[in-house]
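Enquirer: Dropping the structure in here first, questions after.
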Amino acid sequence: MMLEITNIHKSFGNNEILKGVDLQIDKGDVVVILGPSGSGKTTLLRCINFLEKADQGHAIFGDIDVNLKTASKKQIHEIRQKVAFVFQNYNLFNNKTALENVTEGLIIGRKVAKDEAIEIGKKALDKVGLAEKYHAYPSELSGGQQQRVGIARAVALNPDIILFDEPTSALDPELVGEVLTVMKNIANEGTTMLVVTHEMSFAKDVANRVIFMDAGVVVEEGTPKDIFVNPKEERTKKFLKRVLPEDYIFYI
Amino acid sequence: MSEGLNYQFLVDTFFVALSGVPIALIITIVSLLIALPLGFLLALTRINRIPVLNRFAQIYVSFVRGTPVIIQIFIIYSSVPLLLASIFEKYNINMNVYDVNPIWYAFIVFSLNTTAILIEVFRSALSTVSKGQLEAAYSVGLTNVQAFRRIIIPQTLVVALPNICTATVNLIKATSLGYAMSLQEITLRAKVAANVGYNYVEAYIDIFLVYLILCSLVEYLFKLYEKRLRRYKAVNV
């Protein structure tokens, strides 16, 4: 088991967002979390990377065993070395070029030698199809290109797992494809991924496991076929009916 | 005045006024050195709603903004010596409070004043840098200090720079009020020179020109610096 989360709880004020979620991810897994907005998907991801502090919960990251509420700064730093994050709004460093965005974490966060970091950074940008844009600032890039830099930034860190928080939600429809293609490519290379998305085709084609969340709990999980073709829970069926087109035929 | 302007005096006094520039600049630089970091930190307490400090910064800003600088000078210049006198007496320090160089009071007044202005400048500038970039910095393994130094502060500075320039120019001009505590700066020196022959118009013209030149120069330097800092924005704006 590469990542195991147990009984994670999180409230904002009186609003309980996560009501005891468990999650196991193996090496090489591509896990997609589906669910209506407000179901706690994003909060779950953010708690795993300590961008939000969980109220309760436990996590095992490889050989690090940690309480999500009381983790020390040192533990958080260690875990962030293993986990990379791709944001909905890209969150590129606007004062840095594409290449500097990718190498920043390597040089400053991980103390990789500068030459080596640039080498790794260029490779990562090549991989996402931005070999021409090493020295472009985020303001010179389209949304799709910015998100691909965001993915390169995560890949370059060579993390154990990459968390994707609705990576295509902020994009123009015509730019979604290029980002999904990049994600498929890195999934095919065996990268472990946990993806919150509304892209059903990505879940169907790329995921080996799909989790359906609603109102702060995991309602159902299984293979894409289990979830899309034979959903057991009423809530899952209702959700799929809403998000999938009337005449959607599911091929596996 | 019936004889028209005394040109010889006009030229001579220009250099007298000019000799006050170092004092004005020292006060400006010292005040900025204190106010820039302090204003930035207090702006952070405002943005992050740190209890107590946030409230303190808010009240502090309203006090300073809501009172004329000249009154702040009068208050500091009259109350601090009293305070010092009682301290000196208590600890048997053999020193006359009225021998203290007024420049020290100027440092206090103008750094306190500029801090308040910069709190607001940095507060608005900080809010233009998305919190997401800070999160991204954490997620790639940067510490808090690294994230601020490398990502947040450079971008905040670009936005804040025009307002920091305004604050600096205002500060230079405000040092002219230092004459109220007999500070040997531009205004006082020229006025003293004018007292001799009642050549006030000439002296005021000189003072006017010195401030104008000084402030234009500072503005120009800020423009150069801003141009360098905002390279990354040059393309889309």
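Enquirer: Give me a single rounded figure for B:122-134: the average over its residues of other chain Cβ atoms within 10 Å of their Cβ.
Expert: Counting other chains' Cβ atoms within 10 Å and averaging over B:122-134 gives 2.
Enquirer: Same structure, new question: Take the Cα gyration tensor of chain A, multiply each eigenvalue by 5, square-root it, and list the three semi-axes largest first, rounded to whole angstrom.
Expert: 29, 23, 16
Enquirer: If you don't mind, there's one more thing I want to ask. Compare A:His135, A:His198 by solvent-accessible area with a 1.4 Å probe and give them largest first, with all protein chains kept in place.
Expert: Output order, biggest surface exposure first: A:His135, A:His198.
Enquirer: May I ask for the distance between the Cα centers of region A:178-238 and region B:172-237, given as a whole number of Å?
Expert: 65 Å
Enquirer: Okay, moving on. Averaging sequence separations of C-alpha pairs under 8 Å and six or more residues apart, then dividing by the length of chain A, give the relative contact order as a whole percent.
Expert: Working: 463 pairs, mean separation 62.9, N = 252.
Relative contact order comes out at 25 percent.
Enquirer: Give, as ranges by residue number, the residues of region B:8-26 whose backbone N falls under 14 Å from the point 7 Å along Cα→Cβ of B:Val201.
Expert: Taking a point 7 Å out along Cα→Cβ of B:Val201, the residues of region B:8-26 whose backbone N falls under 14 Å are B:8-10.
Enquirer: What's the ranking of A:143-149, B:10-16, B:29-35 by average number of surrounding C-beta atoms within 10 Å, highest first?
Expert: A:143-149, B:29-35, B:10-16
Enquirer: Quickly work out the A:Asp22-to-A:Ala215 label distance, labels modelled 7 Å from Cα along the C-beta direction, and quote it in nm with one decimal.
Expert: The two pseudo-label positions are separated by 2.1 nm.
Enquirer: Can I ask one more? Hey, can you list the DSSP H helices of chain B whose Cα span along the axis is 30 Å or longer and whose average Kyte-Doolittle score is at least 0.5?
Expert: B:21-47, B:69-90, B:102-126, B:200-229
Enquirer: Give me the net charge for the shell around B:Ser176: Cβ to Cβ below 12 angstrom, other residues only, Lys and Arg +1, Asp and Glu -1. List each step's numbers first, then the result.
Expert: Numbers: positive: B:Lys173, B:Arg189, B:Lys191; negative: B:Glu185.
Spelling it out: positives minus negatives among the neighbours equals +2.
Enquirer: Would region B:26-184 count as rounded, prolate or oblate if I go by the C-alpha gyration tensor, calling it rounded below 1.5 in a/c and otherwise prolate when a/b exceeds b/c, oblate otherwise?
Expert: In terms of gyration-tensor shape, prolate.
Enquirer: Continuing with the same structure: Expressed as a rounded percentage, what relative contact order does chain B have, with Cα pairs under 8 Å and six or more residues apart?
Expert: 34 percent
Enquirer: Multiply the residue separation of B:Asn92 and B:Phe56 by 0.36 nm, subtract the distance between their alpha-carbon atoms, and state the gained length in nm to one decimal.
Expert: Gain on extension, B:Asn92 to B:Phe56, equals 9.5 nm.
Enquirer: Also, quick follow-up: Taking R0 as 45 Å, what's the FRET efficiency between B:Tyr7 and B:Val100 from their Cβ-Cβ distance, rounded to 0.05? Each step should come with its number before you reach the end.
Expert: On the way: r = 39 Å, r/R0 = 0.88.
The calculated FRET efficiency here is 0.70.
Enquirer: Before anything else, pin down the relative contact order of region A:1-149: Cα pairs under 8 Å, at least 6 apart, normalised by residue count, whole percent.
Expert: 18 percent
Enquirer: A follow-up question, please. DSSP loop (so not H, G, I, E, B), at most 10 other Cβ within 10 Å: list which trypsin sites (Lys or Arg not before Pro) in region B:36-92 pass both filters.
Expert: Those that pass, being in a loop and sparsely packed, are B:Arg49.
Enquirer: For the protein assembly as shown, what are Rg and Dmax over the alpha carbons, in angstrom?
Expert: My reading of the Cα-based Rg and Dmax gives 30.8, 105 Å.
Enquirer: Return the FRET efficiency for the residue pair A:Ala170, A:Asn208: r is the Cβ-Cβ distance, R0 is 25 Å, and the value is rounded to the nearest 0.05.
Expert: It comes to 0.45.
Enquirer: Here's something else I'd like to know. Would you mind pulling out the separation of the Cα centroids of region A:56-90 and region B:80-130, in Å?
Expert: One Cα centre to the other: 45 Å.
Enquirer: Identify which of B:Gln72, B:Gln155, B:Gln146 has the largest mean-square fluctuation in a Gaussian network model of chain B, with springs joining Cα atoms closer than 10 Å.
Expert: B:Gln146
Enquirer: Something else: Over the Cα atoms of region B:1-120, compute the convex hull volume and normalise it per residue, giving Å³.
Expert: Measuring per residue, one finds 174 Å³ for the Cα hull of region B:1-120.
Enquirer: How many nm is it between the label spots at A:Asp63 and A:Thr181, if each spot is 7 Å from the Cα in line with the beta carbon?
Expert: So the label points at A:Asp63 and A:Thr181 sit 4.1 nm apart.
Enquirer: Among the lysines, which have Cα under 24 Å from the Cα of B:Lys131 when same-chain residues fewer than 8 positions away are ignored?
Expert: Excluding near neighbours in sequence, the set is A:Lys10, A:Lys41, A:Lys53, A:Lys69, A:Lys73, A:Lys74, A:Lys82, A:Lys96, B:Lys233.
Enquirer: Could you work out the pair-distance distribution P(r) of region A:37-167 from its alpha-carbon pairs, with 10 angstrom bin width and percents rounded to whole numbers?
Expert: That works out to 13, 40, 32, 14, 1, in percent per bin.
Enquirer: Provide a whole-number value for the mean count of partner chain Cβ atoms within 10 Å of the Cβ atoms in peptide A:152-162.
Expert: 1
Enquirer: Would you mind checking which residues have amide H under 5 Å from A:Asp214's amide H? H placed 1.01 Å from N; only 5 or more apart, or other chain.
Expert: Result for A:Asp214 returns A:Val219.
Enquirer: Right, here's the next one. What does the structure give for B:150-162 when I average, per residue, the other chain Cβ atoms found within 10 Å of the residue Cβ?
Expert: Details: counts 7, 7, 2, 1, 4, 4, 0, 1, 2, 0, 0, 0, 0.
The mean count of partner-chain Cβ atoms within 10 Å per residue comes to 2.
Enquirer: Could you pull out every one of the aspartates and glutamates with an alpha carbon less than 14 Å from that of A:Lys232, ignoring same-chain neighbours closer than 8 positions?
Expert: The qualifying aspartates and glutamates are A:Glu220, A:Glu221.
Enquirer: Right, another one. Given the DSSP H assignment, sum -39500 (n - 2.57) over each helix run of at least 4 residues in chain B and divide by its residue total; what's the result at 222 nm in deg cm²/dmol, nearest 500?
Expert: Using -39500 (n - 2.57) per qualifying helix, the result is -25000 deg cm²/dmol.
The values are calculated or read from the model by the stated rules, or taken from the named source; none is laboratory data. If you're wondering where the values come from, they're calculated on a predicted model, not measured in any experiment. Neighbour counts run over all protein chains shown; Cβ positions are idealised from the backbone, glycine included. Note: accessible area is taken over every heavy atom of the protein model, side chains too, but ligands, DNA and RNA are not part of it. Shrake-Rupley method; radii C 1.70, N 1.55, O 1.52, S 1.80 Å.
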